[in-house]
Amino acid sequence: LVRLRQRLAGSQSALGRGLLALLSRDRLDEDTWEDIEDLLLTADVGVAPTQELVERLRTRLRVEGADAGDVRSVLREELVHLVGSDLDRRLQVSGADGRPGVVLVVGVNGTGKTTTVGKIARILVAEDRSVVLGAADTFRAAASEQLTTWGERVGVDVVRGPEGSDPASVAFDAVKEGIDTGADTVIVDTAGRLQNKAGLMDELGKVKRVIEKQTPVSEVLLVLDATTGQNGLIQARVFGEVVDVTGIVLTKLDGSAKGGIVVQVQRELGVPVKLVGLGEGADDLAPFSPEAFVDALLG
Ligand code: GDP
């Protein structure tokens, strides 16, 4: 929580502190409620969620009045509710019947996909799990080199193919190696070219199918860059149509004042944010906790 607070400081906490200051005014008049809405919209909370939150706050602070408790705890409760305290955010990294779990990582290039794969591998290795990485982004030589560097850093095998080779065949080989070596988890990095939705659908569909010839995919993580705002939402929509996303990773939250996007992408896809990226370093990936997030916002 301390680290989350440090990382979000400056960018996000303006939202929390701003809300708290406005709600603490002696008189909550219409202008104040409008200012509150503006703050939420600026942070990318989205129109419908903003209206819902404001409605709930108005009701509680007006009707319950002093009985609602102090303003800070009411705001905290309502923000946690907004972000979704009842969603299952556990990462599914285990397989069944002695086979590895397979985590498929998808998203547009540049969002932090490869970095996230490396960071997840590091967390799993620290938990004494054996991991194999698959470099199924075969379109950019740099991508598989970057993943190989992560593999060396974390101490796990990376299965890759020649540049331009079939991503599905690399994914197949990676999962096969995972099965053959008795690995706990195989994490497959994919290419994210959005120019052509049909192409993307074909490619990711094929990658998923060849994996599932061997063993089920346990988790499909969509990586979104928190700094891209509404663009991230559009990406969520497209990927949601192309593949069954089971969890979201929101990267670069350390450099974004738009933390409200958490609320919007969850609603768009109907799946929870499971992890957040808080920097470029190997340790800068954290499970997403609404309570910790809201506490960091409120400072
Ligand atoms: P990919 O093309 O989606 O695989 O993206 P990369 O993993 O290559 O990441 C793109 C850039 O974003 C790199 O410079 C990463 O170091 C950086 N990056 C990834 N995650 C984070 C994060 O959580 N915070 C910050 N500040 N930078 C990140």
### Task
Read through the list (1) outside any helix (DSSP H, G or I); (2) open to solvent by 20 Å² or more (accessible area, probe 1.4 Å), then give the number of the only condition that ARG267 fails.
(1)
### Answer residue from segment 176-227, given it is without any contact (Cβ under 8 Å) to a residue 12 or more places away in the chain and not small (Gly, Ala, Ser) and is farthest from VAL263 (Cα to Cα) among those
ASP180
### Query
Looking at (1) of a type in the set (A, V, I, L, M, F, W, C); (2) within 25 Å of ILE234 (Cα to Cα); (3) open to solvent by 40 Å² or more (accessible area, probe 1.4 Å), which is the only condition LEU200 fails?
(3)
### Query
Applying the selection to segment 270-290, what residues are at negative phi and open to solvent by 50 Å² or more (accessible area, probe 1.4 Å)?
GLU280, ASP283, PRO287
### Query
Is there a residue being within 16 Å of the ligand (Cβ to nearest atom) and not polar (S, T, N, Q) anywhere in segment 86-94?
no
### Query
Are any of the residues in segment 108-124 of a type in the set (A, V, I, L, M, F, W, C), in contact (Cβ under 8 Å) with a residue 40 or more places away in the chain and over 19 Å from LEU278 (Cα atoms)?
no
## Note on the structure
By residue number, the members of segment 41-56 that are open to solvent by less than 60 Å² (accessible area, probe 1.4 Å) and either hydroxyl-bearing (Ser, Thr, Tyr) or modelled with pLDDT under 95 (or both) are ALA43, ASP44, VAL45, GLY46, THR50
### Summary
If we ask which residues in segment 129-145 are within 14 Å of the ligand (Cβ to nearest atom) and in a strand (DSSP E or B), their number turns out to be 4
### Message
Looking at segment 146-197 only, could you name the residues that are of a type in the set (Ser, Thr, Tyr), in a helix (DSSP H, G or I) and away from the ligand (no atom under 16 Å from the Cβ)?
### Response
SER169
### Task
Find all pairs meeting these conditions: Cβ atoms under 6 angstrom apart; at least six residues apart or on different chains; first residue within segment 129-152 and open to solvent by 50 Å² or more (accessible area, probe 1.4 Å); second residue within 11 Å of the ligand (Cβ to nearest atom) and not charged (D, E, K, R).
PHE139/ALA191; GLN146/THR114
### Task
Read through the list (1) of a type in the set (D, E, K, R); (2) within 22 Å of GLY299 (Cβ to Cβ); (3) in a helix (DSSP H, G or I), then give the number of the only condition that ARG58 fails.
(2)
### Message
LYS208 - would you say it is touching a strand residue (DSSP E or B) at 6+ places or on another chain (Cβ under 8 Å) and of a type in the set (Lys, Arg)?
### Response
yes
### Message
Which count do you get for residues in segment 211-255 that are in a helix (DSSP H, G or I) and of a type outside the set (Lys, Arg)?
### Response
20
### Query
Tell me, which residue of segment 229-259 that is in contact (Cβ under 8 Å) with a residue 12 or more places away in the chain and polar (S, T, N, Q) is surrounded by the most Cβ atoms within 10 Å (Cβ to Cβ)?
THR251
### Message
Restricting to segment 270-296, and then to whatever is among the small types (Gly, Ala, Ser) and part of a helix (DSSP H, G or I), can you tell me which residue is farthest from GLU127 (Cα to Cα)?
### Response
ALA296
### Query
Which one of these does ALA121 not meet: (1) touching a strand residue (DSSP E or B) at 6+ places or on another chain (Cβ under 8 Å); (2) assigned to a helix (DSSP H, G or I); (3) under 30 Å from ARG60 (Cα atoms)?
(3)
### Query
So which residues in segment 105-128 are within 7 Å of the ligand (Cβ to nearest atom) and open to solvent by 30 Å² or more (accessible area, probe 1.4 Å), if there are any at all?
ASN109, GLY110, THR115
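Starting from residues that are of a type in the set (Gly, Ala, Ser) and modelled with pLDDT under 70, keep the ones in segment 57-75 and report whichever is most open to solvent (accessible area, probe 1.4 Å).
Only one residue tops the list, namely ALA66.
The values are calculated or read from the model by the stated rules, or taken from the named source; none is laboratory data. Computed from a predicted model, the values in this text were never measured in an experiment. All Cβ positions, even for glycine, are placed from backbone atoms using ideal geometry, and neighbour counts span all protein chains on display. For accessibility, only protein heavy atoms count, side chains too; no ligands or nucleic acids. Shrake-Rupley method; radii C 1.70, N 1.55, O 1.52, S 1.80 Å.
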